[in-house]
1. Give the span of the stretch 2-94's Cα atoms along each principal axis, as three whole-Å numbers ordered largest to smallest.
2. Quick one: what are the phi-derived ³J(HN,Hα) couplings along the stretch 535-544, Karplus 6.51/-1.76/1.60 with θ = phi - 60°, whole Hz, x for glycine and proline?
3. Using +1 on the beta carbon of Lys and Arg, -1 on that of Asp and Glu, and nothing else charged, what's the dipole of the stretch 2-94 about the Cα centre, debye to 20?
4. Just how much of ASP115 is accessible, in Å², when a 1.4 Å probe is used and the result is rounded to the nearest 10?
5. According to a simple spin-label model (label point 7 Å from Cα along Cα-to-Cβ), what is the distance in nm between ASP205 and ASN44?
6. How large is the direction-averaged shadow of the alpha-carbon convex hull of the chain, in nm²?
7. Could you give me the ³J(HN,Hα) list for the stretch 354-360, computed from phi with Karplus coefficients 6.51, -1.76, 1.60 and θ = phi - 60°, whole Hz, x at Gly and Pro?
8. Rounded to the nearest 500, what is the chain's calculated 222 nm mean residue ellipticity when only DSSP H runs of at least 4 contribute -39500 (n - 2.57) each, over all residues?
Amino acid sequence: GKKLGYTFNHRNLHNVSLGQGQELVAEQALDVAAKEGHWVILQNIHLVAKWLSSLEKRLEQLSQGSHRDFRVFLSAEPAPCPESHIIPQGILQNSIKITSEAPTGIHANLHKALDNFSQDTLEMCSQEKEFRSILFALCYFHAVVAERRKFGPQGWNRPYPFSTGDLTISVNVLYNYLQASSKVPYDDLRYLVGEIMYGGHITDDWDRRLCRTYLEEFIKPEMLEGELCLAPGFPLPGNMDYNGYHQYIDDALPPESPYLYGLHPNAEIGFLTQRSERLLRTVLELQPRDSSTGQGPGSTQEEMVQTLLEEMLEKLPDEFNMAELLARLEERTPYAVVALQECERMNALTAEMRRSLAELELGLKGELTMTSEMETLQNSLFFGTVPESWVRRSYPSMASLGSWFADLLARSSELEAWTRDFSLPSTLWLGGFFNPQALLTAIMQSTARKNRWPLDRMALQCDVTKKSREDFASAPREGAYVHGLFMEGARWDAQAGTITEARLKELTPAMPVVFIRAIPDDKQDTRGLYPCPLYKTRQRGPTYVWTFNLKTKENPSKWVLAGVALLLQV
């Protein structure tokens with residue numbers, strides 16, 4: 001207060017926590033403070049959305065003629081989504097805004113994690129060496145899982161609200177266990193931390209596997225023998241005091257890089273590229289739409305959309321004649337059923353596209369009144385995004401409109417070739433299916449019928465060949481050859497027949513043709529294999545398809561930490 005030129009004490013402060021009818025109290029506090037030159041703190045303004053417009057008007061009135069020392073402080077929780085932004089623009093524009101953001105980078109996160117403790121914490125356990133080593137490992141674990149989310153789906157399939165509370169409770173559990181036992185219960189600690197404290201936030205099974213793998217790498221008997229590295233070039237420190245640990249972080253922690261998380265440098269390239277694309281898309285959406293930008297055709301939004309619309313209507317494939325296909329079908333094999341289902345889905349999508357495009361064409365000509373749905377479609381075509389009504393009938397895709405439409409035409413051509421005589425193609429484009437799980441299930445059904453095996457006791461075996469699509473002339477007698485798979489986080493070494501380190505700047509190298517066949521699940525050999533999830537897109541998470549076991553000479557945990565997955569689209 002003295003720095004502002006007046007003496008400040010608690011009587012100069014009015015602190016109001018909003019909610020439960022406290023609006024009147026807040027208004028009275030504002031009136032008194034404006035006259036006397038007091039400060040008013042209004043907490044949790046996000047809880048009184050209806051009152052905020054009145055607050056905006058009141059603050060505007062009090063900005064004139066109030067005491068020179070009058071100040072108002074507002075606090076609110078961050079909105080979970082843009083639709084929840086309820087604070088009026090007038091308040092935001094006239095305020096000095098202060099936000100509390102989480103630190104970025106392992107270095108800052110590790111310091112912040114350690115800041116939750118003190119020298120007294122380090123000295124409170126009877127098994128001091130064990131307690132300090134595991135506490136530091138937990139701090140590094142917390143920093144890694146909190147910061148890994150910046151890598152998007154390759155970091156975590158879904159973002160999770162890990163907090164310092166998870167870390168402090170985990171350390172309390174560690175203290176209680178070490179005080180009660182002379183031996184370190186590594187398995188119990190990993191389970192409690194990975195499945196309950198942090199695992200309680202996790203809803204995705206693959207993310208749970210990742211969390212569990214981190215703890216298996218960080219908390220194990222080797223940590224007390226000086227043989228454990230938390231990251232390449234960063235050994236777990238020995239027995240130090242509190243300030244010594246902070247100094248060790250500054251001195252020994254390597255510069256920020258994906259290696260500190262177990263990821264490949266390509267992961268950083270990927271997430272920075274996606275961030276740049278989002279920024280450029282936002283800039284594009286801010287461009288004027290109605291003014292002419294040139295002299296020739298296509299210079300305005302309407303002309304550009306009209307040109308694109310006519311081109312798409314011309315190229316859009318005809319719908320499949322389902323009655324004719326059924327008449328041509330000799331036997332409803334599992335594969336034939338999949339083909340028919342795919343044709344039905346393709347018909348539903350192309351019919352909606354043809355309807356909406358024809359409707360918009362009439363609207364642009366002035367023959368129909370433009371509706372909000374037609375305007376949304378027009379904007380999507382102009383900005384190169386797939387319209388929402390098409391997305392609802394489509395397959396998951398992160399592609400722009402041009403790439404998506406070319407992909408649609410390729411899918412339709414593949415289906416047309418397959419349904420000419422319904423014989424299984426020499427290799428199948430797995431990414432070209434609306435529902436790729438149906439094809440993989442059909443492989444098991446077909447083998448089960450042929451060998452009279454129970455379907456619920458079968459599994460798929462994935463053998464990666466050394467050949468490309470063009471090298472196959474016919475389908476196999478059992479199972480299917482599939483192409484169009486990509487690997488993210490690593491690459492496939494065709495000569496060695498194993499997963500290996502990715503090459504720099506090769507984000508999603510293509511896989512050779514994969515031979516997929518069904519076997520009894522008791523004949524599966526999981527030794528030296530990495531259970532690799534297969535997703536439809538780089539969004540991962542909800543686009544999960546199947547799990548393929550791929551050969552590896554490295555410990556599978558390396559590929560878990562690297563976020564290695566197979567993708568059907570890139």
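1. 42, 25, 25
2. Those phi angles translate into 10, 6, 9, 6, 5, 6, x, x, 9, 4 Hz.
3. Details: 9 positive and 9 negative charges, 85 e Å.
Roughly 400 debye for the stretch 2-94.
4. Number for this one is 90 Å².
5. Once both label points are built, they end up 4.0 nm from each other.
6. On the way: hull surface 151.3 nm².
Mean projected area for the chain: 37.8 nm², to one decimal.
7. Once θ is set to phi - 60°, the couplings for the stretch 354-360 become 5, 4, 5, 5, 5, 5, 5 Hz.
8. Working: 19 runs with 242 residues, N = 570.
Helix contribution divided over all residues of the chain: -13500 deg cm²/dmol.
The values are calculated or read from the model by the stated rules, or taken from the named source; none is laboratory data. Note that this is a predicted model, so its numbers are computed, not measured. Reconstructed Cβ throughout: ideal geometry from the backbone, glycine too, with neighbour counts over all protein chains shown. SASA here: full protein model, heavy atoms, side chains in, ligands and nucleic acids out. Shrake-Rupley method; radii C 1.70, N 1.55, O 1.52, S 1.80 Å.
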